[in-house]
Amino acid sequence: MELANVHNGERVLEIAVGTGSALQELTRCNPAGVTIGIDLTPAMLRRTRSSFRRRLLSLPPLFQCDARFLPFAGDSFDLVFSSYMLESLSVCDIERTLHEILRVLKPSGRLVLLHLSTGSRWFDRVWSTLYWLVPTLLGGCRPIRVAPYLPEAGFTVIRVDHVTELGIPAEVILAKRAGASRY
């Protein structure tokens, strides 16, 4: 959330809301703005709705849609945020999704991605073996490096933070449209 740096009054899109925890924070930081959440699966949207209701929070607009084909006009959002989605996509789908994000992001907008990343050799070996043997056990997710895809998709990487939680490595990336002024 630190890298997202939500400014109250912005138009914010979270892709792959999952359980809704990040969407709650994005919404809390943006009471005068518009925060929208999307997810591919109805089950995750139900979990998000339930989480907001349990906490007695006002529910932002939620849509079921595919991140490869966003139903929003171009240049619509100041911030696009996504966590733990890209590592479940094929390389072609990662590229398509990043191009869609670029399309809906305002010229001065920013992108924040959080994803499962490659880490130590032991982690990479264990995860790769499990992924090869039983990919569904890991939700179809595999550690990836996203930063190399961003320039080709039209982004400039501003910052990459490496984090590890419970021994699992992740990256948090802040990016802007290529050619946009520095964040």
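Just so you know, all these numbers are worked out from the coordinates, no wet-lab data involved. Note that the structure is a prediction, hence the values are computed from the model and not measured. As a convention, Cβ positions derive from the backbone with ideal geometry for all residues, glycine included, and neighbour counts pool all protein chains shown.
Points worth noting:
- Look at 165, 95 and count the other Cβ atoms within 10 Å of each Cβ; fewest to most, that gives 165, 95.
- Charge tally in the Cβ shell below 15 Å around residue 8, where Lys, Arg are +1 and Asp, Glu are -1, residue 8 excluded: -1
- Ordered from longest to shortest, the equivalent ellipsoid semi-axes for the chain are 25, 21, 15 Å, each the square root of 5 times a Cα gyration tensor eigenvalue.
- Under the span-like rule (Cα at least 15 Å along the axis, Kyte-Doolittle mean at least -0.5), DSSP H helices of the chain: 91-104, 121-133
- Inter-label distance for residue 178 and residue 164, nm, one decimal - labels placed 7 Å from Cα along Cα-to-Cβ: 3.4
- Ascending count of other beta-carbon atoms within 10 Å, so fewest first, for 115, 162, 7: 162, 7, 115
- Computed over the chain: relative contact order in percent, which uses C-alpha pairs under 8 Å that are six or more apart: 19
- Remark: 63, 52 ranked as 63, 52, counting other beta-carbon atoms within 10 Å and listing the fewest first.
- Residue 121/residue 56 FRET efficiency (R0 41 Å; Cβ-Cβ; nearest 0.05): 0.35
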